[in-house]
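Down below is the structure, laid out as structure tokens.
What follows is calculated from the coordinates using simple rules that are stated; it is not laboratory data. Owing to the predicted nature of the structure, the values given are computational and were not obtained by experimental measurement. Using ideal geometry, Cβ is built from the backbone for each residue, glycine included, and neighbour counts are taken over all protein chains shown.
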Amino acid sequence: MATVAELKAVLKDTLEKRGVLGQIKARIRAEVFNALDDQSEPRPPLSHENLLINELIREYLEYNKYKYAASVLTAESGQPAVPLDRQFLAKELNIAEDANGKSVFR
């Protein structure tokens with residue numbers, strides 16, 4: 001019969017091989033952050049520039065499938081839950097998108 005330590009090791013290896021262990025850890029971190037987030041302390045107002053910067057960071061995180069990191073950024077920064085429209089973002093940053101959807105600075 002296997003020991004508890006052996007079962008833990010096998011479970012950890014299996015979750016790592018399936019690629020879900022990192023996701024589980026990220027989800028736990030995000031949930032712990034949400035539980036500890038102190039809503040009684042008001043955040044400073046989000047400036048227009050920081051709104052745009054945060055949106056670029058969120059787009060990068062979501063593009064790379066870092067959804068838990070993106071959710072923590074949104075919660076911690078006060079960024080609106082609904083992403084900004086890409087056309088609006090491109091106009092504000094003076095960026096043009098080519099036909100393939102790749103952004104190019106003007």
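Tell me which of Ala26, Leu89, Ala75 sits at the most positive position along the dipole axis of the chain, charges placed on C-beta atoms (Lys, Arg +1; Asp, Glu -1).
Ala26
How would you classify segment 35-74 from its alpha-carbon gyration tensor, with a ≥ b ≥ c the square roots of the eigenvalues: rounded for a/c under 1.5, else prolate if a/b is greater than b/c, otherwise oblate?
Working: a/c = 6.03, a/b = 1.29, b/c = 4.69.
Cα axes put segment 35-74 in the oblate bin.
Under 30 Å between alpha carbons, and skipping anything fewer than 8 positions from Lys8 in its own chain: which lysines qualify?
Cross-link targets: Lys17, Lys25, Lys65, Lys67.
Build a GNM of the chain with springs between Cα atoms under 10 Å: which of Asn64, Asn54, Asn34 gets the top mean-square fluctuation?
The residue with the greatest mean-square fluctuation here is Asn64.
How large is the dipole of the chain about the Cα centre if only Lys and Arg carry +1 and Asp and Glu carry -1, each at its Cβ, rounded to the nearest 20 debye?
On the way: 15 positive and 16 negative charges, 96 e Å.
For the chain, the charge dipole is close to 460 debye.
Which log10 I(q)/I(0) values does segment 1-96 give at q = 0.11 Å⁻¹ under the Debye formula, counting every alpha carbon as one identical point scatterer?
Computed log10 I(q)/I(0) values: -0.49.
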